[in-house]
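A short worksheet on the structure shown next.
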Amino acid sequence: MKSRRDFLKTGSAALLYGSTLLRNSALNAADKTKYLNLPLGIQLYSVRRQLPTDYEGTLKQIAALGYREVEAAGFYNHSASQVKQAMQQAGLHCVSAHYSYDALNGHVDEVVEFMKEIGSRYIICSYPGHHGGQGPTFTLDEWRWNAGEFNKFGKQIGAAGLKFGYHNHTMEFHKEDGVVPYDELMRLTDPEYVTMEMDLGWVTVGGGNPIELLHRYGNRISMLHVKDFKPFTAPATIENPPTAAALGQGSIDYRPIFAAAARTGHIQHCFVEQEEFNMPVMQELKIDAEYMRKLHA
């Protein structure tokens, strides 16, 4: 009987321990779908006014705020070796850089060479090209033409061992003949060659729904941009955006958006981008960093 009692006690403890492990495992799985938990990143367009006069010092200030990954938007006449050294001295990793269509067209090989030397993995088209039109307006035919161009860029860049992507603004969400250009880009670009860097702020103020888009296109989106704006009443345009705000001080609640992004399981990098400021730049970028840490982004 003693042996049987000991067995029952041991068995009950094992069942309790096992159920606790299962419950903790489920909670951990839930946490993984709730938070991104990525290295804190920033798009260096945020400090475009500081970098030209103090490149190395600005990078060190960024790192002091807790940012660890950066995405470039120009290198301000620095060579690849100078950029690499400045990043290393600041403790930053430049994982990506923005180039417009015009900057890439005919120059892919030299861009690839530069990016490889500084240790980056992604080349992102930050603005589409025109095919007969001009200005900030693009026709559906131009979006379709851009999709073909992106496939060409992506194939060439992929063959060199890097990854090509596209970064949206607001105009991708302005319907033409009932068609949303962003959907058309997704339909016509090849997932093997083209990834998407979704700017969550521009999607929101442009009239799109980032949560719905992440649910629909989650396996196509690998990078995010995060920005906030003061309350707005109508869909914005790229030439007439709402007033910028520090993260958490504007109109966009990123908690459900980050949860949706985490559920995709495909987000590799996430960059704060603030284009205008209401207080000293580093002070506001510190607020952005604290917001991102609070949300485990």
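Bear in mind these aren't lab numbers, they're just calculated from the coordinates by the rules spelled out. Computed from a predicted model, the values in this text were never measured in an experiment. Neighbour counts run over all protein chains shown; Cβ positions are idealised from the backbone, glycine included.
What the table below lists for this structure:
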| read-out | value |
| --- | --- |
| Centre separation in Å (Cα based) which lies between the range 70-126 and the range 181-233 | 23 |
| Helix axis angle, 281-294 relative to the chain longest principal axis, alpha carbon, degrees | 30 |
| Mean Cβ count within 10 Å, highest first, over the residues of peptides 124-131, 231-238 | 124-131, 231-238 |
| Degrees, to the nearest 10: 254-264 long Cα axis against longest axis of the chain | 80 |
| Exposure proxy order (Cβ contacts within 10 Å, fewest to most) of Met198, Met115, Met279 | Met279, Met115, Met198 |
| Dipole in debye (nearest 20) - the chain, about Cα centre, beta carbon charges: Lys, Arg +1; Asp, Glu -1 | 2060 |
| Cβ-based net charge around Arg187, under 11 Å, with every Lys or Arg adding one and every Asp or Glu removing one | -1 |
| DSSP bridge pairs, the chain: antiparallel proportion in percent, nearest 5 | 10 |
| Ratio Rg/Rh [Cα only; Rh per Kirkwood] for the chain | 1.08 |
| 3J(HN,Hα) from dihedral phi, the range 166-179, Karplus parametrisation 6.51/-1.76/1.60, rounded to Hz, x for glycine, proline | 10, 10, 7, 10, 9, 5, 5, 10, 8, 5, 10, 6, x, 9 |
| Farthest positive-ward along the range 38-294 dipole, Cα basis, beta-carbon charges - from Pro181, Ala236, Ala80 | Ala80 |
| Sorted by Cβ density within 10 Å, fewest first, the residues Phe229, Phe258 | Phe229, Phe258 |
| Residues Tyr76, Tyr193, sorted so that the one with the fewest Cβ neighbours within 10 Å comes first | Tyr76, Tyr193 |
| 5 angstrom amide H check on Val272, placed H, neighbours 5+ away | Gly41, Ile42, Gln43, Val226 |
| Options His131, His167, Tyr193, ranked by Cα towards positive dipole end of the range 121-195, top entry (Cβ charges) | Tyr193 |
| Furthest towards positive pole of dipole, Gln61, Gly158, Ala261, structure part the chain, Cβ charges | Ala261 |
